[in-house]
Amino acid sequence: MKILLFTSLFFASLFGDSKQIYSEYVEFPERVYKGQIFQIVLKTTLVRENYDDLTYKFYGAQGMQLINEEPMREIIDIDGILAVYDKFYFLVKDVNLMSPRITLYLNSEDSSDKLSLSGKKIQSIELPQIENFSNIFADTLEVTKVVADRYNEDYNILNIFLSSEIGDIEKIKFEEPYIIKQDYQSKSSNNNLFKSDVVYFVVLPKYYTTFTMKYFNTHIFKMQKIDIPIDVRNDMVTTAKDLRPKILDQNLYIKIGISITLTILFLMLFHFYQKKIWLGGASIFLAISVIFLVPKPSVCVNGGSVVRILPMSSSTGFTEIEERSLFEKVAERGRFIKISLSESSEGWVRRENVCKD
């Protein structure tokens, strides 16, 4: 075979055949899935060692998107004849597929040294709805980190840090009815489908101790399952139901009144019976009254400040402070301060959003 190839190229060059390139498909899929990224490999044989001038143009593709206009290239020398293996990746966007017509140019688009390969039909399949399917097709998908928090009294929020290779990870979405809310905390902005990272959150009932997600592994063509344990921290990161500043809760005055009343009652009992137990009881309720009366740490936040679910710049902002207001300060972490928006709602704001005066 090598002798035949070398002989044909030799005589083509000797007798002035202008064709300096000979190309064929060496890897082409027969069947793909909607949402999958697949590869096509072309083997091109060159008479001259000018493979750097080899370029491609794609025409008329249907239902698929070219990912890399510059091929991933491997050069193999076969007894002095160069074989160029160029790999192109495509994203399947529809079930009706036609691969593009490909024109190869050796020198330039105006050169006679060019070759065209016809497009081909490809069978495409759309997967049916599968329980816990993330809608991700990838060669690899890895959960690198998980952060679980309380969302409210009945639900938890699970923040999943994901990393993938050869996959459209930004298409992630679950169809499970028990998930009441889902979205990105952050995602890669370079639209790199070869390797990308996202932080995705789901809100689900608190009685779930494990979250199961599935993805389609295109390296082994098999559905893979990932079980994520849910270990909830004590921090509450619920969305705002009432954006009014919380300085004193609505029952605080009742609690203070009861504590002061009991203090007076125990002092009266001590006065009549002169027993230290009544004095001790009065002291306890007096201390409780003082604790209730001491104001909790507060912070002034400027209007227009975004309140985020997590203390991260890329975290989802679930609401915005309408006007300069005073809030109870719950915690601090790095460049963020946690504030209480209502009795059941807390979130994080940047330190630079705190009032200067």
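The residues of region 197-226 that are among the hydroxyl-bearing types (Ser, Thr, Tyr) and either in contact with a Cys (Cβ under 6 Å, 6 or more places away or on another chain) or in contact (Cβ under 8 Å) with a residue 24 or more places away in the chain (or both), listed by number, are Tyr200, Tyr208, Thr212, Tyr215, Thr218. Among strands (runs of 3 or more DSSP E) entirely within region 31-96, having at least 1 residues that are more than 26 Å from Phe137 (Cα to Cα) and among the hydrophobic types (A, V, I, L, M, F, W, C) singles out 37-46, 72-78, 81-92.
For the residues Val143, Val198, the requirement of being within 24 Å of Met312 (Cβ to Cβ), in contact with an Asp or Glu (Cβ under 7 Å, 6 or more places away or on another chain) and aliphatic (A, V, I, L, M) singles out Val198. Pick from region 140-189 the residues that are part of a strand (DSSP E or B) and of a type in the set (D, E, K, R): which of them is nearest to the chain's Cα centre (by Cα)? Checked region 140-189; the qualifying residue nearest to the chain's Cα centre (by Cα) is Lys187. Any residue at all in region 172-191 that is surrounded by 13 or more Cβ atoms within 10 Å (Cβ to Cβ), touching a residue at least 60 places away in the same chain (Cβ under 8 Å) and of a type in the set (Lys, Arg)? The answer is no; no qualifying residue exists. Take Phe137 and tell me if it is assigned to a strand (DSSP E or B), in contact (Cβ under 8 Å) with a residue 40 or more places away in the chain, farther than 28 Å from Lys225 by Cα and within 27 Å of the chain's Cα centre (by Cα). So Phe137 does not fit the description; no.
Bear in mind these aren't lab numbers, they're just calculated from the coordinates by the rules spelled out. All figures in this text were calculated on a predicted structure; none of them were measured in a lab. No Cβ is skipped: glycine too gets one built from the backbone with ideal geometry, and neighbour counts run over all protein chains shown.
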